[in-house]
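For reference, the structure is listed below as structure tokens.
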Amino acid sequence: MRRFKRILVVYGDGESFGDFEPDLIGLAKGNGAEVAVTGWSRPPSPSLLKALFERKGKRPDELVKAGQQRLLEGHAERFRAAEVPVRTVVLEGDPLQALCMLIDDGEFDLVVKAVDGAKPDDHFTFGSFDRALVRLSSAPVMMAKPEAHRATRVLVAVDVSDPDEAALNEYLLEISTSQAEIAHDEVHVVHAWSLDGEGALRSGAFTEVSAAEIESLRDQEQSFRHQALQALLAKYVDRPVTIVEHLVEGPAPNAIAAVAERIDAEFLVMGAKPRRRVTTLVLSDCAETVLAAVDCSVLMVKDVPEIALGAPI
């Protein structure tokens, strides 16, 4: 079973996990994880700080830092009450830069943050900070919807058509089934398929190809994808969790979003490969589209962590 042993919980400026916080504490406790709680706050204007605090003989930045420390300690106390080891880290300077440096230095295997600016009943939408964090973080990032009264179903998106994605597929299934085992969740696995060039074949440009032959090619392609997906899932049949296959025809973003809505998914777990392997600053078109379409918490994994190449934790 793979566990998240070092979790970074991010409380952004004015953001809250809401009703998701007990689940977050349960996630940490179930994994036996050490937790670091971090955050920042946007300071009041210098003129207001001067009017309020200068007479006390203290620097405004020190007062802001002390106030943020108190807020983080309040969050940390809820983890301590659940007997989860926790520490606090106040971010200073540019929040995104400071957060990414903390992630790099802390060797975290999971970063959890509430989606910025969302209200519990709002449609899930990633803001600019969240998108930048997913792009830049060296660790998997879980963006949590503040409130989600849903069945405990985890949706995992895989691509079994590309051999280069094999390691990532297995890592996504490993962490998903491991966490589902802890939380008694169902795991639903979605893969989108299509017959390459079907539109051209049906356009009449290839008169020697009959409709029956096209249908046969479609059946063969669907069967190939189903068998590949079954071979992947066979590695996890010994897990005490329910695994459900969803083989959906059509573009991957549409398929993922449609299944997430249909099963009322609590979490979506998916890879987020960059468009160009030389950079991690730009996510794939599929990842970007899915972020804008789904209405549940999302765990994005850009790369397979080196530790995942060895034996499960």
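Numbers at a glance
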| item | result |
| --- | --- |
| With DNA, RNA and ligands ignored, accessible area of F267 (1.4 Å probe; Å², nearest 10) | 30 Å² |
| Which of D105, D116, D130, D303 is most accessible, then next, and so on - probe 1.4 Å | D105, D303, D116, D130 |
| V89 long-range amide H proximity, modeled H, under 5 Å | V37, T38, G39 |
| Cut-off under 5 Å, modelled amide H: who pairs with V156 long-range | H188, V189, V190, V269 |
| Under the Karplus curve 6.51 cos²θ - 1.76 cosθ + 1.60, θ = phi - 60°, whole-Hz ³J(HN,Hα) for the stretch 171-176, x wherever Gly or Pro sits | 5, 4, 5, 5, 5, 5 |
| Under Karplus coefficients 6.51, -1.76 and 1.60, residue-wise ³J(HN,Hα) of the stretch 66-81 in Hz, glycine/proline x | 5, x, 5, 4, 5, 4, 5, 5, x, 5, 5, 4, 5, 6, 5, 4 |
| Amide H contacts under 5 Å for D116, placed H, 5+ residues apart | G127, D130 |
| Among the listed pairs K29/K113; K5/K65; K29/K145; K5/K113; K145/K235; K5/K235, those beyond 25 Å (Cα-Cα) | K5/K65; K145/K235 |
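The values are calculated or read from the model by the stated rules, or taken from the named source; none is laboratory data. A quick note: this is a predicted structure, and the numbers were derived from the prediction, not measured. Each accessible area value is taken on the protein alone, full model and side chains, heavy atoms only, with ligands, DNA and RNA left out. Shrake-Rupley method; radii C 1.70, N 1.55, O 1.52, S 1.80 Å.
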